[in-house]
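Here is the structure we will look at, set down as structure tokens.
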Amino acid sequence: MMNLDATGPEEIRAAFTAAIVAAEDQVDEIGSIAGVFSDAADRYEALEMQASTVEHLRDAGRACGTAQAAVATAAAQLRTALVDFGTHDGAVAEVVAEAGALASKEILMGDGPTPHAAKPAGQVIRAADPATMAVAPTGEGEEPAVKDRLRVGGRFLLRDGERFAGSGFAAGSQGELVLGVAVDTPVGRQVHLAVPIYPEDRSAWRGGHAPSRDVVIDEDGEEWAVDTGADATVVLDAADSARLPEVVEDIIAHAVEADRRFRQVVKDYERLHALRSRLEGARHPDRAQEAIALRERVRQEERTQEQRRRHIERAVARLTPADRMVYHQRQQRIDAAGRDAWNPDGDTEAAEVCGLTVEEYREMRDLDRIPFQQRTAVQSARLNQLKHGGGDALHPGLPPLLAEQAALVCGLTLAEYREKESLERLPKRSKAEHCNRGRRVRTHAEQARLDELDAAPGGATRPTPRATYKLRGEYLSMLRAHHAAKARLADARAAQAAMDATARPLDQATASELARVTTELEAVTVRHDEMAGWASASTQIPARNGGALVVEALQEEDGGVSYRVDRQPVDADEDWNVGSATDPFTTTPGGLRKVAKLAHDLAGASVNEWDRPPPGDAVGSAGETDEGGLW
């Protein structure tokens, strides 16, 4: 990875560069592993796998995300070391070499204090690596090199009269990045902030004035369209960028207070739940918890199905009026069998929606009620054939009516959508070729065809290809989950009706108390649901290139707060919110403060200040920890 025997300045720079490249390659690989674990956890959760198993998968994904951020930080520190070497020991070696003398290993490696060589007037000493850039004029009063941590100075798109003035970045909790560049313009300094950019896309970023898509030619001479990240970039005035730390502190303060109130709601819920359990015991001796659990199960399933429908309708709303009319006409046939759950005694209608005969539908329902751990291989294969259209739980084939709906949203014909399903069942080719041996993976041609189908121009679309891909993917995920959950909700409602039929009558006082507690508990539950998973504080800062920079605090369901940063696009509609178009930059209080500090430093730092390593570097500051009391 790094040549430890290097002594000359060029050899040492080459050793640093090799180490940086190796570290950055690992960032992408670890990030892809984290994504696989996260996707698997979501899908297994939809299949009602044991909660502890799903949580272990999520922990694995989070651990990979942490490792990815750590490796990204290591790469950043290596770049800083390279710049520092060029500024000190490497610069001395070059000056000595220019004077015709040989540099000793002690001088090159800094064995003891290294004297700084005086620079001749009008000369700018630069490291060979593009990690530093000389931006200032030479001669009397010259300014030293600008710190370009991102190494974008050579490709960043500037308008007439603009001057590159430094760059930096901050890493999020899931490995995503906030990239920042300071630009001096004729009307004052501006700051370009990209929120977020994924590590694998960092090299394509060229700022907020770049085209959204660009074409690059790889080493094989093939052309590829790349996302430049311009759609995720806000251009802020220096004054707005400089006040971001103050704005962030205000958001954190409001979020901490909201979290305190939320924790009190949780305590109220636990108190009322215990009281209700005691009163329910009079109606259902020895079965109070079972009765409460059944009601909660029905309520939760109904609420979740409603949320899935909202996600589905968000994509349907992006269809043309003509396509939307066709969609709703088909949906009426589907809803006739039950909107969120199959209607009681409606096997005929349910079978039609599932694309099965009534006998096959009943066989599928009975197999589906067997816990998957207890099914035989033959039963599992038969269930995959009936329920998943010959696919499996991870890659199901939708029934005909639902497949027609999905094809409409994806801008495809039914045949093209079925082709997309079959290609998605093939594992994606890994960047590490040894992982592809001995298994069937997508060929390059198959991957290109799948990319073409995913990018179909019709159907439901958003302003950018990435946002369109996310919109359609979310739709398909919610459509499959909503359809699969209809049987669960129908079974839960039937079980609750059977439980209510066995309830004992209560005296008037007990019945009144139970009604009061139940009402209060429902109100607290509604309050809990209104707070959990929603923004407790947010702000918008207008951007010079349209849209706004949005910072929000998200109340976690188990208590605590996470913080998200996103760009609101210029054409955002009333349904837009953080994370609705792309995955936002997600971080902790300390991480959010690092983003704010990055913006502040880029807004107010002079060229002289950027030549010095800023205190509390935006990436990997030593000794900095996230504040307690939130988690």
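The values are calculated or read from the model by the stated rules, or taken from the named source; none is laboratory data. Note that the structure is predicted; figures quoted are calculated from it, not measured. When we count neighbours, we look across all protein chains shown, and the Cβ atoms used for this are built from the backbone with ideal geometry, even at glycine. In case anyone asks, the SASA skips ligands and DNA or RNA and just uses the protein heavy atoms, side chains included. Shrake-Rupley method; radii C 1.70, N 1.55, O 1.52, S 1.80 Å.
When 481, 543, 494, 487 are checked against the criterion of being open to solvent by 50 Å² or more (accessible area, probe 1.4 Å) and touching a residue at least 60 places away in the same chain (Cβ under 8 Å), 494 stands alone in meeting it.
In segment 317-326 there is at least one residue that is small (Gly, Ala, Ser) and out of contact with any helix residue (DSSP H, G or I) (no Cβ under 6 Å at 6 or more places or on another chain). Can you name the residue in segment 501-530 that is among the charged types (D, E, K, R) and touching a Leu at 6+ places or on another chain (Cβ under 9 Å) and, of all such residues, is nearest to residue 263 (Cα to Cα)? Result: 520.
Among the residues in segment 218-228, are any farther than 23 Å from residue 175 by Cβ and modelled with pLDDT of 90 or more? No, because not a single residue in segment 218-228 is farther than 23 Å from residue 175 by Cβ and modelled with pLDDT of 90 or more.
When the residues of segment 581-615 are narrowed to those that are small (Gly, Ala, Ser), open to solvent by less than 40 Å² (accessible area, probe 1.4 Å) and at pLDDT below 80, which ends up nearest to residue 554 (Cα to Cα)?
581
The set of residues in segment 409-441 that are open to solvent by less than 40 Å² (accessible area, probe 1.4 Å) and assigned to a helix (DSSP H, G or I) comprises 409, 410, 417, 420, 421, 423, 436.
The set of residues from segment 560-580 being closer than 21 Å to residue 66 by Cα and at pLDDT 90 or above comprises 560, 561, 562, 563, 564, 565, 566. Applying the set (1) modelled with pLDDT under 95; (2) surrounded by fewer than 19 Cβ atoms within 10 Å (Cβ to Cβ) to residue 264 leaves exactly one unmet item: (1).
Go through the residues of segment 362-378 one by one and say whether even a single one is at pLDDT 95 or above, open to solvent by less than 60 Å² (accessible area, probe 1.4 Å) and not in a helix (DSSP H, G or I). No, segment 362-378 has no match at all. Within segment 519-536, is even one residue over 35 Å from the mean Cα position of the chain (by Cα) and open to solvent by 30 Å² or more (accessible area, probe 1.4 Å)? Yes, that holds for at least one residue. When segment 448-465 is filtered for residues that are open to solvent by 40 Å² or more (accessible area, probe 1.4 Å) and in a helix (DSSP H, G or I), the ones remaining, listed by number, are 448, 449, 451, 452, 465. Could you check, for segment 513-523, whether at least one of its residues is hydrophobic (A, V, I, L, M, F, W, C), in a strand (DSSP E or B) and at negative phi? No; the residues of segment 513-523 include none that is hydrophobic (A, V, I, L, M, F, W, C), in a strand (DSSP E or B) and at negative phi.
Listed by first and then second residue, the pairs with beta-carbon distance under 6 Å, at least 6 apart or on different chains, first residue in segment 344-371 and assigned by the TED database to the domain that holds residue 332, second β-branched (Val, Ile, Thr) and surrounded by 15 or more Cβ atoms within 10 Å (Cβ to Cβ), are 353/334. Just for segment 440-483: of the residues that are over 17 Å from the mean Cα position of the chain (by Cα) and among the β-branched types (Val, Ile, Thr), which one is farthest from residue 416 (Cα to Cα)? The residue in question is 441.
Residue-level check: of (1) modelled with pLDDT under 95; (2) of a type in the set (Lys, Arg); (3) surrounded by fewer than 14 Cβ atoms within 10 Å (Cβ to Cβ), residue 314 misses just (3). Among the residues of segment 168-187, what is the count of those that are without any contact (Cβ under 8 Å) to a residue 60 or more places away in the chain and open to solvent by less than 30 Å² (accessible area, probe 1.4 Å)? Residues meeting the conditions: 3. Close Cβ contacts (under 7 Å, 6 or more residues apart or on different chains) running from residues in segment 386-401 that are in contact (Cβ under 8 Å) with a residue 60 or more places away in the chain and part of a loop (DSSP other than H, G, I, E, B) to residues that are of a type in the set (A, V, I, L, M) and open to solvent by 10 Å² or more (accessible area, probe 1.4 Å) comprise 393/47. Screening residue 241 with (1) within 21 Å of the chain's Cα centre (by Cα); (2) surrounded by 19 or more Cβ atoms within 10 Å (Cβ to Cβ); (3) among the polar types (S, T, N, Q) gives one miss only, at (1).
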